[in-house]
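Beneath this line is the structure, given in structure tokens, with notes to follow.
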Amino acid sequence: MSKRTLEIFVEVCDQQSMSAAAQSLGMSQPAISAAVSSLEKEYDTKLFIRRGRTLQLSEQGRRLRQYADVILEQYDRAWDSLHEQHSEESYTIAMTPLVSELFLPSVIKSMEDTQLSFISSESETIMNMLKEHQCDIVIADHNADETGFTYIPLYKETFVFAASSQYIKEDSLGMNALLSKKLLLREKGAGSRQAFEAAVMKKSVQVRPFVESVSDLSLITLAQSGAGIAVLPQRLIEKSLRKKRLHTVKVKGTDLKRQYYLVYRSDMHMSEGFSALIQKIRDCAGKEDK
């Protein structure tokens, strides 16, 4: 099966007509028909069923169609791999907003010689992008061990309870006392929110935030104003801690940490450039851990 034959098959599928596929591809209808016939002969099966003036896929045709896009993409990746020494590789890295705020600057600085573009969005969104080949690497706290993905542990992020002395002067609280306070939390699914909910799970209580936000920076501003106690990445509030705009509140029995991963598709071509990029990211993560 040649790449061109498979491309013709896909076009016939999309057009549901050999004549329309011929017009779209700039070929003659007999040439289209011959390509489809050769494919059916190769697989010893019928790929299309005629329904009036249109062609519909047979059960076997539907199965082949499911793999066609992936096969064609692998053809292209093989070509790129064989010719990569003649062209500069470029990659897209997708990160969660928190990773972008804390990790992205060091990545950019250490990879000025690599052609990169970056996307920031929530974990679920960027994992779907990876599935759809819309990015090459994801950095997130997502580890579902899904088939088809490779997960590399990068670093752990520590989250703390932070408040202004205007709201609370104590440096430590029990869990029950904490839950009675005004809680400033990220939205459900965010790393800090998941870490916090895991810590209170043993209490079998429902978490009711006073403020729920998609922005860590807004939670910092609110906490500094005395609005309540926020759960925040420790590194993100170092300046506020030094200037005593916030102080941390220890809560007995809690250790709020999230593991972050580098994720890529297992079928990704591991060129020298891609392997070097992964190593550079891991090196940056090593510096973050120190």
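The values are calculated or read from the model by the stated rules, or taken from the named source; none is laboratory data. Please read all numbers here as calculations on a predicted model, not as lab measurements. Don't worry about glycine lacking a Cβ; one is built from the backbone with ideal geometry, like all the others, and counts go over all protein chains shown.
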Open item on the list: Regarding segment 195-208, can at least one residue be identified that is closer than 30 Å to residue 274 by Cα, at pLDDT below 90 and not basic (Lys, Arg)?
Closed with: no
TODO: For segment 239-268, name all the residues that are in contact with a helix residue (DSSP H, G or I) (Cβ under 8 Å, 6 or more places away or on another chain) and aromatic (Phe, Trp, Tyr).
DONE: 260, 264
- [ ] Among the numbered conditions (1) assigned by TED's automatic domain parsing to the domain that holds residue 154; (2) in contact (Cβ under 8 Å) with a residue 60 or more places away in the chain, tell me where residue 104 comes up short.
- [x] (2)
- [ ] Hand me the list of helices (runs of 4 or more DSSP H) wholly inside segment 18-112 holding 3 or more residues that are touching a strand residue (DSSP E or B) at 6+ places or on another chain (Cβ under 6 Å) and surrounded by 12 or more Cβ atoms within 10 Å (Cβ to Cβ).
- [x] 97-102
Task: Number of positions in segment 247-282 that are surrounded by 12 or more Cβ atoms within 10 Å (Cβ to Cβ) and either in a helix (DSSP H, G or I) or among the aromatic types (Phe, Trp, Tyr) (or both) - done: 11
